[in-house]
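The values are calculated or read from the model by the stated rules, or taken from the named source; none is laboratory data. From a predicted model like this one, the values you see are computed outputs, not experimental measurements. For neighbour counting, all protein chains shown are included, and Cβ atoms are generated from backbone atoms with ideal geometry for every residue, glycine included.
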Amino acid sequence: MMSGLLSWMIFLPLIGAGVIMALPKDNHRGIRAVATVAAFLPLVLAILLLAGYDPSTAAFQFQENAAWIPALNVNYHLGVDGLSVPMLALTALLCFLACLISYNITNRVKEYFAFYLLLEAGMLGVFAALDFFLFYVFWEVMLVPMYFLIGIWGGPRREYAAIKFFLYTLFGSIFMLVAILALYFTSTPHTLSITDQIARAPGMTHGFQMFAFVFFFIAFAIKIPTLPFHTWLPDAHVEAPTAVSVLLAGVLLKMGTYGLLRISLPMFPMATKYFAWPMAALGVAGIVYGAFVCMAQKDLKKLVAYSSVSHMGYCLLGIAAYGSVAALTGCMFQMVSHGLITGALFILVGVIYDRAHTREIDAYGGMWVKVPVYSGIMVLFVLGSLGLPGLSGFVSEFMVFLGAFPYFKITVAVGVVGVLLTAAYFLRMIQKMFLGTVAGQTEHLSDINAREMIAVAPLAVMMIVLGVYPALLADYIKATIVNLVKVIGA
Amino acid sequence: MPSIGLHHYLALSAVVFCIGIYGMLTRRNAIGVLMSVELMFNAANIALVAFGRFVTPQLVTGQVVAAFTIAVAAAEATVALAIVLLIYQHHRGIDVDRINIMKW
Amino acid sequence: MIQTAWLIPIFPLVAMAAIVLFTHRHRALSAGISIAAVSLSFLWGWSVAVSVWGDPTVHRMSFDWLNLGESMYIPIGIQIDGLTGMMLVVVTTVALMVQIYSLGYMRDDPRYSRYYAYLSLFTMAMLTLVLADNFFLMFVSWELVGLASYLLIGFWFEKQSAADAGKKAFITTRLGDLGFILGLLLLYTGCGTLTFQGVFSAVDSHVLSGGLLTIAGLCLFAGAVGKSAQVPLHVWLPDAMEGPTPVSALIHAATMVVAGVYLVARSMSIFLAADRAAMVVAWIGIITSVMAASIGLVQNDIKRVLAYSTVSQLGYMIMALGLGGFTAGTFHLMTHAFFKALLFLGAGSVIHAVHTNDIREMGGLHAKMKTTSITFLIAALAIAGVFPLSGFWSKDEIVAATLGHPIFTVLTLAVAFMTAFYMFRLYFLTFTGKPRDQHKFDHAHESPKTMTVPLQILAVLSVVSGWIGLPWLEHGFSSVVFHEHPHHPEFHVVWAFIAALVGLSGIGLAYMMYYKGSIDPERVRARATGLYTTLLNKYYFDEAYSVLFVRPYYTMCRGWFWFDQHAIDGAVNGLGRVSVAWSVFNRWFDETFVDGAVNGVGWLTRGFGAIVRHLQTGRVQNYAFIVFAALVVLWLLQ
């Protein structure tokens, strides 16, 4: 079972998509059942992966390597290390939970789940690929189903959002492609292997590193998204159906930071050092700016979306402190933690949207009286998001601050202010929606149901467990990060 | 009295052929045109038989080809008359000046 | 006992989890679980405190919480010494009293189980805070008590003012916590560890010193300013009185708000080494104390008077610590916890009886509520510093700590005078004289036993807890709580006498104005209208903050959102529009020139065909003529 585990993980959703295509389109129950199973099996495999992974070494494990297009030296090369294992597990978990949330899709169910599973395969593939060609293929494979999922099942402005998302990310991808081709043609023998390219990194000229770093950074910065490239995110999140928002925030955004950690840092250490401060500044600007903008939001989903801009800033700040194990681990930790928390927040926003068909913050009031269980859970996740100690968000923020502080003292001090601003806009939201007397649409709400509970409960448990004892996750990441720091430092 | 030679036959053939051409180009009646065409066939037959008799007396090639031509002309006449009949049914007449359905 | 001291915060944690997950539908069971848990903590806490009584060794135990090599190595654990023991006694005692008291006070509340869950959460966090052996764990529990405070202030969240107050408390204290976080970052960067032991030894050995140490100390103090409601972040505490009164007693008088004092006391090594930071601490303390006491003189809400009194007394403790009076500050922390909790619970008992907070609607309640009245009087005497109650001893040490700094001494005595005055103004207006609202008076009644018994117990503690500091004990309070080595300030008979005299004169003035009526308060008020209005409006702090910070902040946020939508997204959309315009131009070019060429070829072909087609007459005879004519021509050409 352990051999080919990664391939199974990636291709099981594809098989599921194939089965769904073969089912009659009116058989909604059957389609949902197949989709759920096809999303659940990768989760089982992810658990096996966590169990079988040896966290004491930074070497790639569970490797699979087969020649694919020998003429171009393209290989089907999969493997995991401390960067990818947590992300694969997070992706598998969120995909399964978001699949449960997708049950309320009634329009073109068959196509929806087929696209959904295709998306899952693409996401898992990105995190497991160790060959640029494969990486790029999976990267683009994600884009297409995402476009349709937003464009067909989205809200009123779905076409605008879908096109914006698609063009924006494609724009970035082109830069990445150019950089990949440049890497390919400057290497002798020509290779697309990520590991080989890292190995030859010390031989790259300074100018080449700068060029390639910037090109990759544009692609990744759009995905994260960092400050000037973030405007696709609120539109895409707001228009996308709940489950897709969950995956967008929970997984897709992480591909940018994952790419930086996997490719940019070890491959272009000189450029990383050169651009460290600008990255830190961008990260902090994102933290503060996102928090400011959140304060002005009237739409709950848009608020959560902008909070992602703010929270991903911590990741970028962590990456900028490339020399600190704590900062980079904090970045990884924040990727997982933000995936759990924001994923849950989007699910919970979807829960009330399903019932009252509005996301206007002002349309609600006094929910804690009317729907106490829902309110309690929502407040728990909001507390997690605003960095309350004991929950995972705090741990990652603290790691990043602690790691980055020796490098960028003033910048980090500005970033710390983000902690306060985050509390301000979330507490304002809590007050308007949950406190006070029952008002507006709250009348029509019913409390969270069992299926929705099953979808958020694992996230809540993980958030608390990681917040109380972060070593559980940090141990998986540590060896790889230590090695990464060594590679950059060399 | 000089005996009738090849030249006489050829002259006859040419005269008949010219009459045929003249008829074909000038007659308005489709039947007349057909008959003119038949005249041209027959002119050719005369020439064939004459060449066969005077140029290659030991062979009967000319006569054989003439026989073929007569058979083919009969078939052709059949088809042509059928077409003329259909045209008559369509156009209530067989004046070839009025039949220009092949015009561009 | 000390080996199992880590269990102390675990009991309430288990209680909270049990209530939230299982028993939230069963009111009595939830309360029972919570009280049982806090009772266990109480027993454990007291026995731990007794076993470290006078013991100079520090007991520590810890485990590796997170180990990422040298860039982040955080072991967490607990540390027990005299200061911790004292704090354990204070926290567990007041928590137990308040939880029992709440049985009666909150009896009719529909969210009874939730109330006890929050109290358990608070108790757990507060106990963790005092047990922590490092700044990190302290910060974690520091935030958790803040959360519990937020939830409990806004417990009656249907009321807009309660929800507002909770939010204000959380955000204001978090503003201070930014300093705390920066302090942690500075300490870790400077010392490579966050354990008290490691940091203090680094400070002692001058690994961390100079300006950096001063900044670190001030950053930590910023956290204390927020939590202990010092100027300029004191504005949340009076508003926090929106919470249920037992909560005010527990969190906003006796325990959570003294966390800042505890932090400064715990970090004494830092402040002893950074004397400029210590002077800032002292000044902030005394300014807060004077300002809050003066506001307390004129307030009419019984709880707000007590709240400003709390702020003022916290300023006392902070000032004492800033002047190096480690023993004085911590001693006053303990005695204050008991008598201030008692005052709040007594006020709660009154509010429970008359259903109003406004002292102008009370009066003469002594006749109806003897127990409440007497215990309240004891607490008022204690806070006024009357011999031989607890406040006398601790206040004397504070006055002693200011010796050598005349300004501080004078201001301290002024505060003592104002404190005695407003407490007895409160007492006389509430319990003596004629009832000013007959209807409320008629319905007033003594509270049930669950509420009066805790009052009595706290009254006893308010009297005797100061006796630990009796001058004829070997080292007084400093033999229990000491910083590295016991140092006992001399007992200054003269200053003790002066302080007591000041307190008594304050009581006397209140007696004349509000009991005897020999001085008319109205006339005093008319003489100093401006001052009175300023005090009544709390020096306009809230208004100033609203104009200076809150509203500009909202405006700025909206501005940035506008910028986001119009500038950044506008640029993106503009790029899109430029692309579209370029495409439109391309289409025009394509249709006109590229397609034009292709179409031109077709058009030429058609035109030529139009001419040539005239040959096709459709007349068979024409065709035949052409054939023959062509034959003839060919023949002729040949």
Inspect all residues belonging to the range B:38-57 and state whether any of them is in contact (Cβ under 8 Å) with a residue 60 or more places away in the chain, assigned to a helix (DSSP H, G or I), within 21 Å of residue C:628 (Cα to Cα) and within 14 Å of chain C (Cβ to nearest Cβ).
no
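If we keep just the residues of the range C:446-502 that are acidic (Asp, Glu) and modelled with pLDDT under 85, which is farthest from residue C:396 (Cα to Cα)?
Filtering the range C:446-502 down to residues acidic (Asp, Glu) leaves C:446, C:474, C:484, C:490.
Now narrow it down to the ones that are modelled with pLDDT under 85: C:474, C:484, C:490.
Working: C:474: 17, C:484: 23, C:490: 10 Å.
Only one residue tops the list, namely C:484.
This table checks each residue for (1) within 14 Å of chain C (Cβ to nearest Cβ); (2) farther than 23 Å from residue A:258 by Cα; (3) outside any helix (DSSP H, G or I).
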residue: A:294; (1), (2), (3): yes, yes, no
residue: A:305; (1), (2), (3): yes, no, no
residue: A:311; (1), (2), (3): no, no, no
residue: A:323; (1), (2), (3): yes, no, yes
residue: A:330; (1), (2), (3): yes, no, no
residue: A:339; (1), (2), (3): no, no, no
residue: A:342; (1), (2), (3): no, no, no
residue: A:380; (1), (2), (3): yes, yes, no
Under 6 Å between Cβ atoms, which residue pairs at least 6 apart in sequence (or on different chains) link something in the range A:72-83 that is farther than 22 Å from residue A:51 by Cα with a partner that is aromatic (Phe, Trp, Tyr)?
A:74/A:68; A:74/A:133; A:75/A:68; A:76/A:68
Out of all the residues in the range A:184-205, is one or more over 23 Å from residue C:579 (Cα atoms), of a type in the set (A, V, I, L, M, F, W, C) and under 23 Å from the mean Cα position of the chain (by Cα)?
yes
Take the conditions farther than 28 Å from residue C:614 by Cβ and part of a helix (DSSP H, G or I) and apply them to residue B:66. Does it pass?
yes
Among the residues of the range C:22-40, write down those that are part of a helix (DSSP H, G or I) and surrounded by fewer than 20 Cβ atoms within 10 Å (Cβ to Cβ).
C:22, C:27, C:28, C:29, C:32, C:36, C:39, C:40
For the range C:208-226, indicate whether the set of residues that are farther than 28 Å from residue C:126 by Cβ and part of a loop (DSSP other than H, G, I, E, B) is non-empty.
yes
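When the range A:446-477 is examined, which residues are found to be buried (at least 18 other Cβ atoms within 10 Å of the Cβ) and either over 20 Å from the mean Cα position of the chain (by Cα) or over 28 Å from residue A:397 (Cα atoms) (or both)? Lay out the reasoning, then the answer.
Restricting attention to the range A:446-477, the residues satisfying the condition of being buried (at least 18 other Cβ atoms within 10 Å of the Cβ) are A:448, A:452, A:455-456, A:459-460, A:462-463, A:466-467, A:470, A:473-474, A:476-477.
Listed by number, the residues that qualify are A:448, A:452.
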I'm trying to understand the selection: among the residues of the range C:155-182, which are over 15 Å from the mean Cα position of the chain (by Cα) and at the interface with chain A (Cβ under 7 Å from one of its Cβ atoms)?
C:157, C:158, C:160, C:182
Options C:568, C:626; residue that is touching a Pro at 6+ places or on another chain (Cβ under 7 Å) and surrounded by 11 or more Cβ atoms within 10 Å (Cβ to Cβ)
C:568
Please note which helices (runs of 4 or more DSSP H) are completely contained in the range A:382-490 and include at least 1 residues that are more than 16 Å from residue A:313 (Cβ to Cβ), of a type in the set (S, T, N, Q) and at the interface with another protein chain (Cβ under 10 Å from one of its Cβ atoms).
A:409-434
Of the criteria (1) over 20 Å from the mean Cα position of the chain (by Cα); (2) surrounded by 13 or more Cβ atoms within 10 Å (Cβ to Cβ); (3) within 14 Å of another protein chain (Cβ to nearest Cβ), which one residue B:101 fails:
(2)
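Yes/no per residue for (1) surrounded by 10 or more Cβ atoms within 10 Å (Cβ to Cβ); (2) within 30 Å of residue B:27 (Cα to Cα):
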residue: C:586; (1), (2): yes, no
residue: C:614; (1), (2): no, yes
residue: C:617; (1), (2): yes, yes
residue: C:630; (1), (2): yes, yes
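Among the candidates A:168, A:116, A:112, which residue alone is among the hydroxyl-bearing types (Ser, Thr, Tyr) and under 29 Å from residue A:79 (Cβ atoms)?
Details: A:168 fails: under 29 Å from residue A:79 (Cβ atoms); A:112 fails: under 29 Å from residue A:79 (Cβ atoms).
After ruling out the rest, the residue left standing is A:116.
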Output the number of the condition that residue C:149 fails; it satisfies all remaining conditions of (1) more than 14 Å from chain A (Cβ to nearest Cβ); (2) under 18 Å from the mean Cα position of the chain (by Cα); (3) polar (S, T, N, Q).
(1)
Hey, does the range A:350-369 have a residue that's more than 9 Å from chain C (Cβ to nearest Cβ), surrounded by 24 or more Cβ atoms within 10 Å (Cβ to Cβ), touching a residue at least 24 places away in the same chain (Cβ under 8 Å) and under 14 Å from the mean Cα position of the chain (by Cα)?
no
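Output yes when any residue across the range A:221-234 is surrounded by fewer than 20 Cβ atoms within 10 Å (Cβ to Cβ) and not acidic (Asp, Glu), and no when none is.
At the first step, the residues of the range A:221-234 found to be surrounded by fewer than 20 Cβ atoms within 10 Å (Cβ to Cβ) are A:228.
With the extra rule that they be not acidic (Asp, Glu), the set shrinks to A:228.
For the range A:221-234, residues surrounded by fewer than 20 Cβ atoms within 10 Å (Cβ to Cβ) and not acidic (Asp, Glu): present.
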Does residue C:202 qualify as being without any contact (Cβ under 8 Å) to a residue 60 or more places away in the chain, assigned to a helix (DSSP H, G or I) and facing another protein chain (nearest Cβ under 9 Å)?
no
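With under 19 Å from the mean Cα position of the chain (by Cα), buried (at least 24 other Cβ atoms within 10 Å of the Cβ) and more than 18 Å from residue A:35 (Cβ to Cβ) as the only criterion, which of A:88, A:119, A:124 stands out?
Values: A:119 fails: more than 18 Å from residue A:35 (Cβ to Cβ); A:124 fails: more than 18 Å from residue A:35 (Cβ to Cβ).
Every option except A:88 fails the conditions.
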Given the conditions (1) closer than 23 Å to residue C:177 by Cβ; (2) not in a helix (DSSP H, G or I), which single one is not true for residue C:109?
(1)
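Would you mind finding the one in B:80, B:75 that is surrounded by 11 or more Cβ atoms within 10 Å (Cβ to Cβ) and either within 14 Å of chain C (Cβ to nearest Cβ) or out of contact with any helix residue (DSSP H, G or I) (no Cβ under 8 Å at 6 or more places or on another chain) (or both)?
Values: B:75 fails: surrounded by 11 or more Cβ atoms within 10 Å (Cβ to Cβ).
Selected residue: B:80, the only one of B:80, B:75 that is surrounded by 11 or more Cβ atoms within 10 Å (Cβ to Cβ) and either within 14 Å of chain C (Cβ to nearest Cβ) or out of contact with any helix residue (DSSP H, G or I) (no Cβ under 8 Å at 6 or more places or on another chain) (or both).
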List every residue pair whose Cβ atoms lie under 9 Å apart, where the two residues are 6 or more positions apart in sequence or sit on different chains, the first residue falls within the range C:53-81 and is at the interface with chain A (Cβ under 8 Å from one of its Cβ atoms) and free of Cβ contacts under 8 Å to residues at least 12 places away in the same chain, and the second residue, located anywhere, is assigned to a strand (DSSP E or B) and among the aromatic types (Phe, Trp, Tyr).
C:64/C:73; C:66/C:73; C:67/C:73
Given the structure, is residue A:210 surrounded by fewer than 24 Cβ atoms within 10 Å (Cβ to Cβ), within 14 Å of chain C (Cβ to nearest Cβ) and more than 21 Å from residue A:137 (Cα to Cα)?
no
Restricting the range A:266-281 to residues that are surrounded by fewer than 23 Cβ atoms within 10 Å (Cβ to Cβ) and among the aliphatic types (A, V, I, L, M), the residue that is farthest from the other protein chains (Cβ to nearest Cβ)
A:270
Can you name every residue in the range A:213-228 that is touching a Gly at 6+ places or on another chain (Cβ under 8 Å) and either more than 30 Å from residue A:452 (Cα to Cα) or within 14 Å of another protein chain (Cβ to nearest Cβ) (or both)?
A:216, A:218, A:219, A:220, A:221, A:222, A:225, A:226, A:227
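So for the range A:17-28 (the condition being crowded, with 20+ Cβ neighbours inside 10 Å and out of contact with any strand residue (DSSP E or B) (no Cβ under 6 Å at 6 or more places or on another chain)), does at least one residue qualify?
Filtering the range A:17-28 for residues crowded, with 20+ Cβ neighbours inside 10 Å gives A:17, A:20.
This time we only want the ones that are out of contact with any strand residue (DSSP E or B) (no Cβ under 6 Å at 6 or more places or on another chain), so: A:17, A:20.
Looking for residues that are crowded, with 20+ Cβ neighbours inside 10 Å and out of contact with any strand residue (DSSP E or B) (no Cβ under 6 Å at 6 or more places or on another chain), one finds at least one in the range A:17-28, hence yes.
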